[in-house]
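A quick write-up on the structure given underneath.
The values are calculated or read from the model by the stated rules, or taken from the named source; none is laboratory data. The structure displayed is predicted, hence computed values, not measured ones. Using ideal geometry, Cβ is built from the backbone for each residue, glycine included, and neighbour counts are taken over all protein chains shown. Note: accessible area is taken over every heavy atom of the protein model, side chains too, but ligands, DNA and RNA are not part of it. Shrake-Rupley method; radii C 1.70, N 1.55, O 1.52, S 1.80 Å.
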Amino acid sequence: MTRPYVSIIIPVYNEEKTLQPLMERLYPVAAGLQKPFEIIFTNDGSRDRSLEILRSYVAQYPGVKVVEFNGNFGQHMAILAAFERSSGEIVITLDADLQNPPEEIPRMIAEIEKGHDVVGTIRKKRQDPLFRRVASRIVNITTNKMTGMQMSDYGCMLRAYHRNIIDNINQCGESTTFIPALAQTFSSNPTEIMVGHEERTLGESKYSFYRLIRLNFDLMTGFSLVPLQLFALLGIITSFLAVAFAVLLFVRRFMIGAEVEGVFTLFAILFFFIGIIIFGIGIVGEYVGRIYQEVRKRPRYVVRKTYGFEEP
Ligand code: UDP
Ligand code: MG
């Protein structure tokens, strides 16, 4: 078999409803490229019929391959496992839920062929709940500030990468990561294009509020030390203010005498600072926890079986 020119990578977690409509739209696009291609699905521990459906595709559609995880390791690990097994010159990532139209793939390939090494996408008229859109905007702005990168839409996983970028990512081996940001750190000539976005009509979002927060901590702590540095700065400023306040109290003690009123105000101020301290410890904890995970060197994910890959 010839080496694929394009690898299309799709993480799948309980997507039995969307897989068939996805294949019906994606496969003609891939075949229409007129170049050798592979489509790699990672089954991220689905508990529905997804794996069964994917295995039937391996027999039915040439070029389809499946990596089966032994549990749920998350979207980013699912993509990394497929990266390691991909061989295309150009690698595309895509969600399984058809929120990103597969018809955009040829445009993204054209951008890579123009010499860009990463093609990011911006979702025009994003069809997600208001809460998700507002939260994303905040994340995009703060992440750009903190990491010094420039990306308009961190959350959109419809992306194309040149093989050089994938080879670099494969060497990283970090156990918590955020792929678009990681790719950006290796990129020398990135670009962004506008793509369509659709509402999820089949199945439901796999990200609960809690998982979204976890994911954003991965992004913040994985690519920036600014949260820690901000706390150091805040500590310095508070110390100066505290000294000034002590001097003021000392002077008043001599001018007015002993004062005891305003105790509740004092409590309010105290609680405010205790809140900030706990928050600070929490942020330090996020970094320490990740360092701990990293030093234990346990496998990031466990592959139970693969289907459709050539025997080595
Ligand atoms: N996904 C995954 N593992 C997970 C969560 C999600 O492989 O633990 C996959 C999911 O099947 C989908 C993609 O990641 O293909 C994006 O998930 P989803 O559409 O639920 O995210 P949203 O669009 O709500 O951000
Ligand atoms: Mg989605």
* Structure fact -> The Kirkwood hydrodynamic radius of the chain, taken as the inverse of the mean 1/r over all distinct Cα pairs, in Å, comes to 21.9
* Can you give the helix-only mean residue ellipticity at 222 nm for the chain, where every DSSP H stretch with n ≥ 4 adds -39500 (n - 2.57) and the sum goes over all residues, rounded to the nearest 500 deg cm²/dmol? -> -17000 deg cm²/dmol
* Asked: According to a simple spin-label model (label point 7 Å from Cα along Cα-to-Cβ), what is the distance in nm between L266 and T201?
  -> 6.5
* Structure fact -> Counting only DSSP loop positions in region 140-249, the chymotrypsin sites (Phe, Trp or Tyr not before Pro) whose Cβ has at most 15 other Cβ atoms within 10 Å are Y207
* State to the nearest 20 debye the size of the charge dipole of the chain about its Cα centre, where the only charges are +1 on K and R beta carbons and -1 on D and E beta carbons. => 460
* Förster radius 30 Å - calculated FRET efficiency between D48 and K125 (Cβ-Cβ, nearest 0.05) -> 0.50
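Could you give the alpha-carbon Rg of region 181-284 over 2.2 N^0.38 Å, rounded to two decimals?
1.84
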* Isotropic mean projected area of the C-alpha convex hull, region 1-63 (nm²) -> 4.2
* Within straight cross-link reach of K145, meaning Cα distance under 19 Å, which aspartates and glutamates are found once same-chain residues fewer than 8 apart are removed? -> D153, E192, D218
* Structure fact -> In terms of the charge dipole of region 172-296, which places +1 on Lys and Arg and -1 on Asp and Glu at the beta carbon, the residue among A183, S239, Y287 farthest towards the positive end is S239
* Asked: Tell me which lysines have Cα within less than 20 Å of K206's Cα, excluding those fewer than 8 residues away on the same chain?
  -> K17
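Per residue, how much accessible area does the chain show when a 1.4 Å probe rolls over the protein heavy atoms, in square angstrom?
54
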* Asked: Cα axis of helix 209-223 to longest principal axis of the chain: angle in degrees, 0 to 90, nearest 10?
  -> 80
* Asked: Under a Cβ-Cβ cut-off of 14 Å, what is the net charge of the residues other than F245 that fall near it, where Lys and Arg count +1 and Asp and Glu count -1?
  -> +1
* To do: Calculate, in nm to one decimal, what S56 and R253 gain on full extension: separation in residues at 0.36 nm each, minus their alpha carbon distance.
  => 62.7 nm
* Structure fact -> For region 260-306, the Cα gyration tensor yields equivalent-ellipsoid semi-axes (√(5λ), largest first, whole Å) of 45, 10, 5
* **P(r) of region 1-129 over all Cα-Cα pairs, binned every 5 Å from zero, in whole percent** => 2, 10, 21, 24, 22, 13, 6, 1, 0
